[in-house]
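Remarks on the structure that follows.
The values are calculated or read from the model by the stated rules, or taken from the named source; none is laboratory data. All values reported here derive from a predicted model rather than from experimental measurement. Cβ atoms come from the backbone with ideal geometry, glycine included; neighbour counts cover every protein chain shown.
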Amino acid sequence: MTIRVLLADDQPLVRAGIAMLLEAEPEIQVVAETDDGRHAVEAARRLQPDVVVMDVRMPGTDGVEATRQITADGFSEHPDDPVKVLVLTTYHVDETVYAALRAGASGFLLKDAAPQDLAAAVRAVAAGEAWLDPAVARGLLREFAARPDTTGPTPDELRRLTAREREVLVLVAHGLSNAEISARLVVGEATVKTHLGRVLLKLGLRDRAQAVAAAYQSGLVKPGTGLPPAS
C-alpha cells in the first residue's frame, strides 16, 4: 500500500530535499508541498494524506497550531485512519517539542537525522505508531523522571486529550489489550495504537504501565469501578 505524504516547510531547498528522499522510496508518494501551516491544514483537509511531514517553525500559522487543527476530532474523513503528523525541526528538546507533541503529533524527528530514519519514521507514523528521535526521547524521559512518582496528570493535561484518547486511556487502565479495545470501540487496532501513542506523548508517559498508573493517580479511573458502557 502506498503511503501518501504531504510536506509542509517554508524553506524550498529543505522541502525539495525531503521530497527527493521520500520519493526514492517505492511505497511512499509525496502528494503535495506547502510553505506554511495554514496551507498545510487546507491541503490536508482536501487531500486527506496518510502523513503530514510538518516543519514546526513556519511564518504565520506555525507547525504546532497546524498540527492541532489536523489532529482534531472530525478533521479526518476516516476517523479509523486519521491523518497523522510527523514533526520536523532543527532544534533538539525545547518547549516547542512538547507543544507539538501535546498538539497531537505522532512523531518528532530532527532535520539532521539520517535519511533512512526519515523514511522509517514516515512508515511508523503511517502505521499508527509513535516515533521519537532519540534526542527527543531522552529529554522527555528526563522530564518524566524528575516528576514525583505520586503525581498524576494535572486537569489541564487531561483536557488536552480528545474524547477518544480519554476513552482509550480508561480502557487501558482496566487492563484491556489493543485488540480488545479495537473490538470494543469498533475501530482498527492501528487506530488504537495511534490514540494510545498520543496519550503517552501528551501526558509525558513512557509506556503502557505508566499510562495505567496515571489514569488512577489522576482520578480518571477509580479502583473498584467496572468497565464503562461500550460505545
Index of the failed condition, E157 passing every other in (1) at pLDDT 85 or above; (2) in contact with a Lys or Arg (Cβ under 8 Å, 6 or more places away or on another chain): (1)
So if I check each of V41, V56, V87, which one is free of Cβ contacts under 8 Å to residues at least 40 places away in the same chain and either farther than 14 Å from V125 by Cβ or surrounded by fewer than 23 Cβ atoms within 10 Å (Cβ to Cβ) (or both)? V41
(1) out of contact with any helix residue (DSSP H, G or I) (no Cβ under 6 Å at 6 or more places or on another chain); (2) outside any helix (DSSP H, G or I): which one isn't true of Y98, the others all being true? (2)
Exclusive hit being surrounded by fewer than 22 Cβ atoms within 10 Å (Cβ to Cβ) and of a type in the set (K, R), set R198, R160: R160
From T34, T67, which residue is among the polar types (S, T, N, Q), farther than 19 Å from L201 by Cβ and modelled with pLDDT of 90 or more? T34
For helices (runs of 4 or more DSSP H) lying entirely in segment 148-225, having 3 or more residues that are closer than 21 Å to A99 by Cα picks out 155-159, 163-173, 189-203, 208-217
Which pairs have Cβ atoms under 7 Å, sit 6 or more apart or on different chains, and link a residue in segment 190-208 that is on the phi > 0 side of the Ramachandran plot and in contact (Cβ under 8 Å) with a residue 12 or more places away in the chain to one that is in a helix (DSSP H, G or I) and not aliphatic (A, V, I, L, M)? G204/E143; G204/F144
May I ask you to list the residues in segment 112-149 that are touching a strand residue (DSSP E or B) at 6+ places or on another chain (Cβ under 7 Å), modelled with pLDDT of 85 or more and either surrounded by fewer than 14 Cβ atoms within 10 Å (Cβ to Cβ) or farther than 26 Å from D81 by Cβ (or both)? none
Answer with yes or no whether T61 is surrounded by 21 or more Cβ atoms within 10 Å (Cβ to Cβ), polar (S, T, N, Q) and either free of Cβ contacts under 8 Å to residues at least 60 places away in the same chain or in a loop (DSSP other than H, G, I, E, B) (or both). no
